[in-house]
Amino acid sequence: MQIQADAPPTRFEDKLDGTVLDKRTGLIWQICAAGLGSHNGSGRSTCGMSSGNLSGNADQYHWGDALRYCNGSLAKKPPVLPAGKTWRLPNINELKSIVDRSQLNPAMDTSVLIAGGDYYWTSTTTNTNFANAWTVNFLYGSAYVTSTKDWGYYVRCVAGP
């Protein structure tokens with residue numbers, strides 16, 4: 001009798017349109033950080049990668065522009081979503097949901113998500129000071145509060161569920 005091991009179920013499904021579905025949360029994520037290229041319509045998004053290395057830098061935005069990028073009101077826009085879905089800047093819990101602490105630099109599943117930097121904005125402001133917002137540092141997977149929304153950080157938009 002031959003025993004065959006089943007592959008573990010994959011948490012993420014590449015939709016082959018520049019997005020990935022997180023089957024655990026139902027959220028749809030940009031594969032590439034903002035500014036790292038776009039989907040070319042023929043399969044997996046390359047995010048500006050050449051021979052496995054990033055050839056370019058992700059864009060950094062102030063907090064207000066990060067919100068505007070995700071809602072599509074800046075010149076650069078995230079990938080097109082299916083009808084009825086809209087992008088938004090993720091809240092702190094949504095963004096922390098893709099942290100993979102078994103990985104470092106970046107602390108995410110790089111088989112499906114392409115990192116482009118360390119600190120990423122969330123839409124979550126602090127309870128004590130609206131001028132501050134939460135970020136997630138994907139070098140180590142930790143969350144931090146900023147002292148100002150005027151700093152430039154990276155952006156990864158989310159949609160759903």
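Each reported figure results from applying straightforward, stated rules to the coordinates on display, with no laboratory input. Please read these numbers as outputs of a predicted model, since none were measured by experiment. Cβ atoms come from the backbone with ideal geometry, glycine included; neighbour counts cover every protein chain shown.
Grab the eigenvalues of the alpha-carbon gyration tensor for region 59-98, scale each by 5, take roots, and send me the semi-axes largest first in whole angstrom.
They are 17, 16, 8 Å, listed largest first.
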*In the neighborhood of T25, defined by Cβ-to-Cβ distances under 10 Å, what is the net charge if each Lys or Arg adds +1 and each Asp or Glu adds -1?*
+1
_Amide H contacts under 5 Å for W151, placed H, 5+ residues apart_ = W63
_Just want to confirm a number: the relative contact order over region 98-161, from Cα pairs under 8 angstrom separated by 6+ residues, in percent._
30 percent
*If the convex hull is drawn through the Cα atoms of region 49-132, its volume per residue in Å³*: 144 Å³
*How much length, in nm to one decimal, is gained on full extension between A143 and Q103, taken as 0.36 nm per residue of separation minus their Cα-Cα distance?*
12.8 nm
_What is the sum of charges, Lys and Arg at +1 and Asp and Glu at -1, for the other residues whose Cβ falls under 13 Å from the Cβ of S73?_
+3
